[in-house]
Each structure stands twice: as C-alpha cells, then as structure tokens.
1. Considering each residue of the range 181-197, count those that are surrounded by fewer than 18 Cβ atoms within 10 Å (Cβ to Cβ), without any contact (Cβ under 8 Å) to a residue 24 or more places away in the chain and at negative phi, and give that number.
2. Which numbered condition trips up residue 125, out of (1) surrounded by fewer than 17 Cβ atoms within 10 Å (Cβ to Cβ); (2) in contact (Cβ under 8 Å) with a residue 24 or more places away in the chain?
3. Name every residue in the range 81-122 that is farther than 16 Å from residue 137 by Cβ and without any contact (Cβ under 8 Å) to a residue 12 or more places away in the chain, in order of residue number.
4. Of all the residues that make up the range 134-163, how many are loosely packed, with under 14 Cβ neighbours inside 10 Å and touching a strand residue (DSSP E or B) at 6+ places or on another chain (Cβ under 6 Å)?
5. Do any helices (runs of 4 or more DSSP H) entirely within the range 111-164 hold 3 or more residues that are closer than 24 Å to residue 190 by Cβ, and if so, which?
6. Just checking, how many residues over the range 116-154 are under 19 Å from residue 86 (Cα atoms) and at pLDDT 95 or above?
7. Check off (1) touching a helix residue (DSSP H, G or I) at 6+ places or on another chain (Cβ under 9 Å); (2) without any contact (Cβ under 8 Å) to a residue 24 or more places away in the chain; (3) surrounded by fewer than 20 Cβ atoms within 10 Å (Cβ to Cβ) for residue 217 and give me the number that stays unchecked.
C-alpha cells in the first residue's frame, strides 16, 4: 500500500513538471529560426561590409600609387622626370647623371639645352663615363679642353624629337639600320639587338639604350650605357 502511494505521488509530480514546461510549439520554433536567420544575415552583412571596406581600401591604395606615377615618364636616377621641365632641369635631378650635368656646365651648353629645341639627347650615365680610360673625364673638364668636351657632348644630341617608336621605324625602313646626324656634325647608326636599340658611333663603339622615351618640355632623353665618340 505504501509503495503504491509513492508511485502515485511520483506520477503526479512528473505530470506537474510537464504541464509547467510545455514542449516547444511550432510557433516558438519558427521564432527561434527567424532569430537565427536574422543573426546570420547580420553576420553576412558585416562580413560583406568589411569586405567592401577592404576592397575600397585596396582601390584607394592602388589609385594612390597610380597618382604617384601620374607624369607618365619613367624614373631616372631615382628621380621623377617632369614632362613640364626641360632637359637640364630633369637631368640635374638624376643621381645617375651628375657627371653628364657637370660636363654640360663645363662645356657651356646649359643655355642651349634649356632652349626651345626640340632635342633628342642620348644621355650617358655616370657608370658610362667610368668606362672611359682613367683620367679622361677629369682631363675633359679642364677649361683648355672646353671645345673638345663640347664636341663629345653635342655628338650625343640630335636635332628634333626622336622617340623610340620613330627610331625603331627608321631602323625597319632602313632594313636594319638608321643613321642620325648629330648636332656635332657626325652620325650615329641605330640598330636593333633583340628588343634593344643599339647606337654605333663613328669609331665603331656601341652603346645600348637602357631607358627610352623620357619626355621633356623641349625634347626627349634616352639613357645610354656607354659614351659615344666621334672621329
């Protein structure tokens, strides 16, 4: 009898608990699902927002880099070359052309190369001058050698604006070679070795164009790796 009473009490207690905590209804389940869906949507929205922010940031950085190269000119000697500046002003900013600029000043050609032109200048680098026999540059920079220096420098200048495309076209039309008369009076012969433009001087020396089409307000500069010599 006592055992029966205990069984009855336990059954009543279980029923009471089930009544107090009813099983989840479809309505409640739908509400939970909606909350989960909204949570996921918010998470996805945040992810998309972050992704867009990162994308916009990358675009901004990219545009900034493009703006840094807005001149459209190649860098020369670690310096930007401004199309609005003349040959002398731009060459003076190149750390690779300090010898050339010093030579131009010693030869009294600054005002000429700051003139309206247009000029095409084949500009030897400092390393190109270093290829000359020891003491050559120092000797040429002496006042008594001014005319000789002027002749060497003007041999690197062609009247008119000859960009890379026009030089290559002239080479093709000349069946592999094109000659250009320099301001000094001698000639330079241009040819192609692969994709490189090679200049051959009157003495048979060769120089390669390493940086082409550095546009100037009064012409164009082509950087070369050797000094050219006339007869």
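The values are calculated or read from the model by the stated rules, or taken from the named source; none is laboratory data. Keep in mind it's a predicted model, so treat the numbers as computed, not measured. As a convention, Cβ positions derive from the backbone with ideal geometry for all residues, glycine included, and neighbour counts pool all protein chains shown.
1. Of the residues in that region, 7 qualify.
2. (1) is the only condition that residue 125 fails.
3. 82, 92, 111, 112 - these are the residues of the range 81-122 that are farther than 16 Å from residue 137 by Cβ and without any contact (Cβ under 8 Å) to a residue 12 or more places away in the chain.
4. Final tally of qualifying residues: 0.
5. Answer list for the range 111-164: 126-130, 146-154.
6. 10
7. Among (1) touching a helix residue (DSSP H, G or I) at 6+ places or on another chain (Cβ under 9 Å); (2) without any contact (Cβ under 8 Å) to a residue 24 or more places away in the chain; (3) surrounded by fewer than 20 Cβ atoms within 10 Å (Cβ to Cβ), the lone unmet condition for residue 217 is (2).
Yes/no per residue for (1) closer than 27 Å to residue 93 by Cα; (2) part of a loop (DSSP other than H, G, I, E, B); (3) at pLDDT 95 or above:
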residue	(1), (2), (3)
189	no, no, yes
192	no, no, yes
199	yes, no, yes
204	no, yes, yes
208	yes, no, yes
212	yes, no, yes
222	yes, no, yes
229	yes, yes, yes
